[in-house]
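Chemist: Questions regarding the structure given below will be posed in turn.
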Amino acid sequence: MPHAAIVTNWGAPPKYQPFDLPPPTETQVRIRVLLAGLPNLVRSRAAGQHYSVAHTAPPHIPGVDGVGMLVPSDELVYFTSLTAPTGSFASQINVEKRDVWKLPDGADPQQVAVLVNAVMSGWMALTARVGIVPGQREAWSVAVLGATGVSGQAAVQVAKALGAEKVVAIGKPGEKLERTRELGATATIALSGEGEETDFTAAADVDVVLDYLWGDVARVVLPGIIDKRKDKSQRLSWVEIGALGGDGVEVSGALLRKANLVLMGCGPGSWSFKELGAQMPAMLEGIVEGGMRAEFKVERLEEVESWWGDSEGPRKLVKV
């Protein structure tokens, strides 16, 4: 019988226990799960706080994607489980055929399992929301706000892979911010402490901002960048992806009038799963060919109760 990490009450740690898994339907395939990532999205859903689970009730099996082997062929694949009845923190799962992709040759299954969710946010923001076409000749530039986090560091690598001429990493000062230069950043901006002003000149003329922080941070950075722009009629696409700095930002109407500013969000709903499916092969190839990487710590699924509450350190990779 298959086993899974199961949340019985929103916010409570999942427990490893057996569960009933019906046979796959005609539109599904059975996958033996090998690895699953633990991004913030998974924790948010397991707490019942994410909009994607707002109208559902436990029991809930966490996990939104993973790497596994098709049953019975043993072909190595990446899959998403956002629309599946159960999550990927399980020994086996039924997934719609449209949500499964063969791993490219030379792929590191661990890096794929850790990276795809992080890469997805920046990739879909730039392609599906902003309209960047991979390989396009027109020069464009981007700033990543929150570049020291896993998703922010992935976004720096994504921007480079998609052809950005200039990539500005913005985040907390320190080693992680400096490390973004190794990942493709051409400039960095260290956010100053409270009561101090940050110089946003390096990001003054970017075309896109990928914002993983929002809230109180964006309240300072948004006017800080616009005030430095020489040509305020140059379009600035500001894409809200994460809200670690808070869920709301008060934006001055004058700011919207004096600059060509477009505010948008990026997440399931702002793009369709059909769009995601169309982008996924290129995304997987980009991870492999671009040598994208992230730090991670391996944890075992059957020990989920012991490590679930630990959110410090590198992103966790769940070994099933």
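Chemist: What do you reckon, is Ser272 touching a Pro at 6+ places or on another chain (Cβ under 8 Å), more than 22 Å from Gly163 (Cα to Cα) and not charged (D, E, K, R)?
Modeler: Answer is no for this residue.
Chemist: Within region 284-297, is there a residue that is out of contact with any Leu (no Cβ under 6 Å at 6 or more places or on another chain), open to solvent by 60 Å² or more (accessible area, probe 1.4 Å), over 29 Å from Gly163 (Cα atoms) and in the same structural domain as Arg45 (by the TED database)?
Modeler: Yes, some residue in region 284-297 is out of contact with any Leu (no Cβ under 6 Å at 6 or more places or on another chain), open to solvent by 60 Å² or more (accessible area, probe 1.4 Å), over 29 Å from Gly163 (Cα atoms) and in the same structural domain as Arg45 (by the TED database).
Chemist: Restricting to region 218-250, name every residue that is open to solvent by less than 40 Å² (accessible area, probe 1.4 Å) and in contact with a strand residue (DSSP E or B) (Cβ under 8 Å, 6 or more places away or on another chain).
Modeler: Ala218, Val221, Leu222, Ile225, Ile226, Arg229, Leu236, Ser237, Trp238, Val239, Ile241, Gly242
Chemist: If you don't mind, another one. Go through (1) open to solvent by 50 Å² or more (accessible area, probe 1.4 Å); (2) over 21 Å from Ser272 (Cα atoms) and name the single condition Gly48 misses.
Modeler: With (1) open to solvent by 50 Å² or more (accessible area, probe 1.4 Å); (2) over 21 Å from Ser272 (Cα atoms) applied to Gly48, the lone miss is (1).
Chemist: Right, Ala161: in contact with a helix residue (DSSP H, G or I) (Cβ under 6 Å, 6 or more places away or on another chain), open to solvent by 30 Å² or more (accessible area, probe 1.4 Å), touching a residue at least 40 places away in the same chain (Cβ under 8 Å) and more than 15 Å from Gly245 (Cβ to Cβ) or not?
Modeler: Yes, satisfied.
Chemist: Within region 237-320, which strands (runs of 3 or more DSSP E) (wholly inside it) include 2 or more residues that are among the charged types (D, E, K, R)?
Modeler: Output list reads 296-300, 315-319.
Chemist: With Val95, Val71, Val133, Val64 as the choices, which residue is of a type in the set (A, V, I, L, M), surrounded by fewer than 19 Cβ atoms within 10 Å (Cβ to Cβ) and farther than 30 Å from Ala190 by Cα?
Modeler: Val71
Chemist: Let me ask something else. In region 137-147, is there at least one residue being part of a helix (DSSP H, G or I), open to solvent by 10 Å² or more (accessible area, probe 1.4 Å) and either touching a residue at least 24 places away in the same chain (Cβ under 8 Å) or touching a Lys or Arg at 6+ places or on another chain (Cβ under 7 Å) (or both)? Show your work before the answer.
Modeler: Applying the first criterion (part of a helix (DSSP H, G or I)) to region 137-147 yields none.
Checking region 137-147: not a single residue is part of a helix (DSSP H, G or I), open to solvent by 10 Å² or more (accessible area, probe 1.4 Å) and either touching a residue at least 24 places away in the same chain (Cβ under 8 Å) or touching a Lys or Arg at 6+ places or on another chain (Cβ under 7 Å) (or both).
Chemist: Another question, then. Considering only region 89-131, how many residues are among the aromatic types (Phe, Trp, Tyr) and either within 30 Å of His3 (Cβ to Cβ) or part of a loop (DSSP other than H, G, I, E, B) (or both)?
Modeler: Count: 2.
Chemist: What number of residues within region 270-283 satisfy the criterion of being small (Gly, Ala, Ser) and either open to solvent by less than 40 Å² (accessible area, probe 1.4 Å) or in the same structural domain as Leu103 (by the TED database) (or both)?
Modeler: So the answer is 1.
Chemist: Restricting the search to region 107-125, which residues are in contact with a strand residue (DSSP E or B) (Cβ under 7 Å, 6 or more places away or on another chain) and either more than 26 Å from Ser81 (Cα to Cα) or open to solvent by less than 10 Å² (accessible area, probe 1.4 Å) (or both)? Step through it out loud before you land on a result.
Modeler: Narrowing region 107-125 to residues in contact with a strand residue (DSSP E or B) (Cβ under 7 Å, 6 or more places away or on another chain): 109-110, 112-114, 116-117, 122, 124-125.
Val112, Ala113, Val114, Val116, Gly122, Met124, Ala125, listed by residue number.
Chemist: Pairs only if they're at least six apart or on different chains, beta carbon under 8 angstrom, first in region 58-82 and farther than 23 Å from Lys274 by Cβ and touching a residue at least 12 places away in the same chain (Cβ under 8 Å), second exposed (fewer than 15 other Cβ atoms within 10 Å of the Cβ) and hydroxyl-bearing (Ser, Thr, Tyr); list them, first residue then second.
Modeler: These pairs meet every condition: Pro58/Thr8; Pro59/Thr8.
Chemist: Give the number of residues within region 299-313 that are touching a residue at least 40 places away in the same chain (Cβ under 8 Å) and surrounded by fewer than 16 Cβ atoms within 10 Å (Cβ to Cβ).
Modeler: So the answer is 5.
Chemist: Pick from region 190-215 the residues that are among the aliphatic types (A, V, I, L, M) and part of a loop (DSSP other than H, G, I, E, B): which of them is farthest from the chain's Cα centre (by Cα)?
Modeler: The qualifying residue farthest from the chain's Cα centre (by Cα) is Ala204.
Chemist: On to the next question. Going by the structure shown, is Gly122 touching a residue at least 12 places away in the same chain (Cβ under 8 Å) and of a type in the set (Gly, Ala, Ser)? Let's see the steps before the verdict.
Modeler: On the way: touching a residue at least 12 places away in the same chain (Cβ under 8 Å): yes; of a type in the set (Gly, Ala, Ser): yes.
Spelling it out, Gly122 is indeed touching a residue at least 12 places away in the same chain (Cβ under 8 Å) and of a type in the set (Gly, Ala, Ser).
Chemist: Is it fair to say Ala57 is among the hydrophobic types (A, V, I, L, M, F, W, C), modelled with pLDDT under 95 and surrounded by fewer than 16 Cβ atoms within 10 Å (Cβ to Cβ)?
Modeler: Answer is yes for this residue.
Chemist: Name every residue in region 1-34 that is open to solvent by 20 Å² or more (accessible area, probe 1.4 Å), closer than 20 Å to Pro109 by Cβ and aliphatic (A, V, I, L, M), in order of residue number.
Modeler: Across region 1-34, the qualifying residues are Val29, Leu34.
The values are calculated or read from the model by the stated rules, or taken from the named source; none is laboratory data. This structure is a prediction, so every number in the text was calculated from the model and none was measured. Every residue, glycine as well, gets a Cβ built from its backbone with ideal geometry; the counts of neighbours run over all protein chains shown. Protein only, heavy atoms only, side chains kept; ligands, DNA and RNA dropped before computing areas. Shrake-Rupley method; radii C 1.70, N 1.55, O 1.52, S 1.80 Å.
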